[in-house]
1. Can you pull out the GluC sites (Glu not before Pro) in segment 52-135 whose DSSP state is coil and whose Cβ has at most 15 other Cβ atoms within 10 Å?
2. By the scheme Lys and Arg +1, Asp and Glu -1, what is the net charge of all other residues having a beta-carbon under 12 Å from that of ILE179?
3. Once amide H atoms are built 1.01 Å from N in the peptide plane, which residues 5 or more positions from LEU90, or in another chain, come under 5 Å H to H?
4. Would you mind putting 90-101, 25-36, 165-176 in packing order, based on average other-beta-carbon counts within 10 Å, highest first?
5. Greater than 29 Å separation of Cα atoms is the criterion. Which listed pairs, LYS124/LYS212; LYS106/LYS183; LYS105/LYS203; LYS86/LYS140, meet it?
Amino acid sequence: MKYFIHLTTLFIVFSANAQTNLYTNPDFETIAAEHNIIAIIPFKTTVKLRPKAMKNMNEDDFIELQVKESENLQASMYSWFLKRKKRGSLSVDVQNNFKTNAILKKNEITNENLDSYTPEELAKLLDVDAVIMGTFQTNKPMSAGAAIALRMLLGAYAATNEAKINMFIYNAEDGKLLINYNKRVAGSLFSSSDDLVNILMRKASRRIAYCK
């Protein structure tokens, strides 16, 4: 069964009214004890722009925008785990995101066809014990370069940033869901993916068996 069947949609509005839903497999700690390396797959990303923005962008640029947002979020999450590893509070290694993306690219796995692969297939391809993956939606790009480019194209626009995120960790051997975390948060136009990951992982880290 393809992993997108497990995906549920979550609205993120970086705000005091943030909502959190968290599921942890009761066997997560036991399963994680056998893991040595995990990989973060670029989240399947959708950028929902206003009609005016869409009108001023061609299809190729729009696809590239979504890819950059996905990779930016992945890089921020990779950095977060590396900091934990450096502090000695992470029990596994995390595959370099450049290596992960290179392997995916060689196998022609993209943001558009990612949901055609099961977690087991992706984990086997990447040669890891578990994969972190999910969906991400935003109405404004969070990466600095994309945000600046869009502002130059459209001029000033509302500061409110709305997004949706849903994160999953799957066991490589059998595709078993180990954790599902979705959160509703809110921030300004200048909220970065680093900010988002810090908010996302602040609570999740207490339930992720790899984190000490």
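No lab work stands behind these numbers, since they all come straight from the coordinates. In this text, all values refer to a predicted model and were calculated from it rather than measured experimentally. Note that each Cβ is placed from the backbone with ideal geometry, even for glycine, and that neighbours are counted across all protein chains shown.
1. On the way: sites: GLU59, GLU64, GLU69, GLU71, GLU108, GLU112, GLU120, GLU121; in loops: GLU108, GLU112.
Of the GluC sites (Glu not before Pro), the ones in loops of segment 52-135 whose Cβ has at most 15 other Cβ atoms within 10 Å are GLU108, GLU112.
2. Working: positive: LYS176, LYS203, ARG206, ARG207; negative: ASP27, GLU29.
Net charge around ILE179: +2.
3. LYS212
4. Details: 90-101: 17.7, 25-36: 13.8, 165-176: 20.5.
The densest-packed peptide leads the list: 165-176, 90-101, 25-36.
5. Working: LYS124/LYS212 26 Å; LYS106/LYS183 32 Å; LYS105/LYS203 32 Å; LYS86/LYS140 32 Å.
Check vs 29 Å cut-off fails for LYS106/LYS183; LYS105/LYS203; LYS86/LYS140.
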